[in-house]
Amino acid sequence: MRFKTILQAHVVTLAILMMLWLPLAAAAQPAAYKVDPVHSGVSFTIRHFVSEVEGRFKDYAGTIKYDAQHQADSSVQFTVQATSIDTGNDSRDKDLRSDSYFGVEKFPTLSFVSTKVTPKGSNSFDVTGNLTIKGVTKAITIPASFLGEMKTKMGQRAGFRSAFTIKRSDYGVSGGAGIVGDDVNITIRVEAVLEPAAAPK
């Protein structure tokens, strides 16, 4: 009888600990922010003869899971629709969508999926991940910074920024050799809104 009473006490204690642990486990998960395309931007510059041409992508989506206290637990997933490229010139944009450049019919998206986040300071970190362009995937590390967060009428929002350079030839985007440069300078500015926390299962 005594053993049964002790066992029941242990069961009750375990149940209480589980009830206390579950909210803590949920709170420990990085906050998930969904990219707001209306207040964000994906732009680039590339050399053209002796100057530079600017462009952007107008259609993109992504989720940033950010943990300010444990940045290494953060992650990024970002997808860009290749056909949404816009350099302000319809003829040039049509050429950029062709097989000589992005080949949008066969490769409709560009994507980045992080594999590791390395803190570099209070608001800076390196994001390592797989960048896929035109069906070619390569591991890269890009610098990023956290710009802050605040509560608004449109939800809790956070800002992020990244600027980095890639070689388009690494991804088979080889059109315009001798006219267009190989280095592409990319800037991503993100304002993202906090997604509602998932209910515990």
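Within segment 123-136, take every residue that is closer than 29 Å to S100 by Cβ and among the small types (G, A, S) and give me the one that is surrounded by the most Cβ atoms within 10 Å (Cβ to Cβ). Selected residue: G129.
Here T128 meets the list (1) in contact with a strand residue (DSSP E or B) (Cβ under 8 Å, 6 or more places away or on another chain); (2) touching a residue at least 24 places away in the same chain (Cβ under 8 Å) almost entirely, failing just condition (2).
Looking at V113, is it touching a strand residue (DSSP E or B) at 6+ places or on another chain (Cβ under 8 Å) and either free of Cβ contacts under 8 Å to residues at least 12 places away in the same chain or buried (at least 18 other Cβ atoms within 10 Å of the Cβ) (or both)? Can you show your working first?
Numbers: touching a strand residue (DSSP E or B) at 6+ places or on another chain (Cβ under 8 Å): yes; either free of Cβ contacts under 8 Å to residues at least 12 places away in the same chain or buried (at least 18 other Cβ atoms within 10 Å of the Cβ) (or both): no.
Answer is no for this residue.
On inspection, S98 qualifies as under 17 Å from I179 (Cβ atoms) and in contact (Cβ under 8 Å) with a residue 24 or more places away in the chain.
In segment 88-105, is there at least one residue being within 30 Å of P196 (Cα to Cα), out of contact with any Pro (no Cβ under 6 Å at 6 or more places or on another chain) and either surrounded by 15 or more Cβ atoms within 10 Å (Cβ to Cβ) or modelled with pLDDT of 95 or more (or both)? No, segment 88-105 contains no residue that is within 30 Å of P196 (Cα to Cα), out of contact with any Pro (no Cβ under 6 Å at 6 or more places or on another chain) and either surrounded by 15 or more Cβ atoms within 10 Å (Cβ to Cβ) or modelled with pLDDT of 95 or more (or both). Criterion applied to A144, A139 was being closer than 15 Å to V117 by Cβ, out of contact with any helix residue (DSSP H, G or I) (no Cβ under 9 Å at 6 or more places or on another chain) and either among the β-branched types (V, I, T) or loosely packed, with under 12 Cβ neighbours inside 10 Å (or both), and the one residue passing it is A139.
Taking the conditions (1) aliphatic (A, V, I, L, M); (2) under 22 Å from F164 (Cα atoms); (3) within 12 Å of the chain's Cα centre (by Cα) in turn, A32 satisfies each one other than (2). Screening F102 on (1) in contact with a Leu (Cβ under 8 Å, 6 or more places away or on another chain); (2) assigned to a strand (DSSP E or B) shows it passes everything except condition (2). The numbered conditions (1) farther than 25 Å from D86 by Cβ; (2) of a type in the set (D, E, K, R); (3) within 20 Å of the chain's Cα centre (by Cα) are all true for K153 except (3). Candidates V35, V11: the one that is modelled with pLDDT of 95 or more and either under 22 Å from F125 (Cα atoms) or among the β-branched types (V, I, T) (or both) is V35.
Residues in segment 36-50 that are over 15 Å from V184 (Cα atoms) and in contact (Cβ under 8 Å) with a residue 12 or more places away in the chain: D36, P37, H39, S40, G41.
The values are calculated or read from the model by the stated rules, or taken from the named source; none is laboratory data. The structure presented is a predicted model; accordingly, all values stated were derived computationally and were not measured. Cβ coordinates were reconstructed from backbone atoms using ideal geometry, including for glycine residues, and neighbour counts include every protein chain displayed.
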